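Before any comments, here is the structure.
Each reported figure results from applying straightforward, stated rules to the coordinates on display, with no laboratory input. A quick note: this is a predicted structure, and the numbers were derived from the prediction, not measured. Here the Cβ positions follow ideal geometry from the backbone for every residue, glycine too, while neighbour counts run over all protein chains shown.
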Amino acid sequence: MMYITRRERFNAAHKLYREEWTLEQNEAIFGKCSNPNWHGHNYELFVTVKGHVDPKTGFVIDLKELKRIIMTYVIDKVDHRNINLDVDFMQGKIASTEVLAVEIFNQLRPHIEAYQVKLHSVRLHETENNYVEYFGE
């Protein structure tokens, strides 16, 4: 089994909050991340797929195709956007890095697995010190 990872970057704004909570409740749980005027991150996304090397091409997956899938179904939707307001697959969800990673995984999985490989993980760096990694359920 071979694993291959593609990295992409995007910039996006978001805030962590629950509409049904008061400003004080949101601040108590989410701190500065609940700023009513949003805040942003320079995210790094790592998408890892796994499969067997095709003896004809020497590839697990053509990296041009993997890039196209990531760009089409994730980066084009999130880059320079407000995750809470602009991103279709995040509507009605808390815009935490954890939830975002799960939803990115869900966006990519069917398109990647159409190439007869498995989506192994999505790793999303929110800052240089904080990241999450999701392997599916």
Some residue of the stretch 21-39 being farther than 30 Å from K118 by Cα, surrounded by 14 or more Cβ atoms within 10 Å (Cβ to Cβ) and of a type in the set (G, A, S)
yes
Restricting the stretch 77-103 to residues that are among the β-branched types (V, I, T) and touching a Leu at 6+ places or on another chain (Cβ under 7 Å), the one farthest from E126 (Cα to Cα) turns out to be I94
Every listed condition ((1) charged (D, E, K, R); (2) touching a residue at least 12 places away in the same chain (Cβ under 8 Å); (3) more than 19 Å from T127 (Cβ to Cβ)) holds for K15 save (3)
Checked I94, I112, I83 against criteria (surrounded by 21 or more Cβ atoms within 10 Å (Cβ to Cβ), under 15 Å from L16 (Cβ atoms) and in contact (Cβ under 8 Å) with a residue 60 or more places away in the chain); the one match is I83
Note on the stretch 69-98: residues touching an Asp or Glu at 6+ places or on another chain (Cβ under 9 Å) and of a type in the set (K, R) are K77, K93
If we ask which residues in the stretch 1-26 are β-branched (V, I, T) and not in a strand (DSSP E or B), their number turns out to be 1
Within the stretch 70-90, the residues that are over 22 Å from Y131 (Cα atoms) and touching a helix residue (DSSP H, G or I) at 6+ places or on another chain (Cβ under 9 Å) are T72, D86, D88
Residues in the stretch 30-62 that are of a type in the set (A, V, I, L, M, F, W, C), in contact (Cβ under 8 Å) with a residue 12 or more places away in the chain and more than 19 Å from T72 (Cα to Cα) total 5
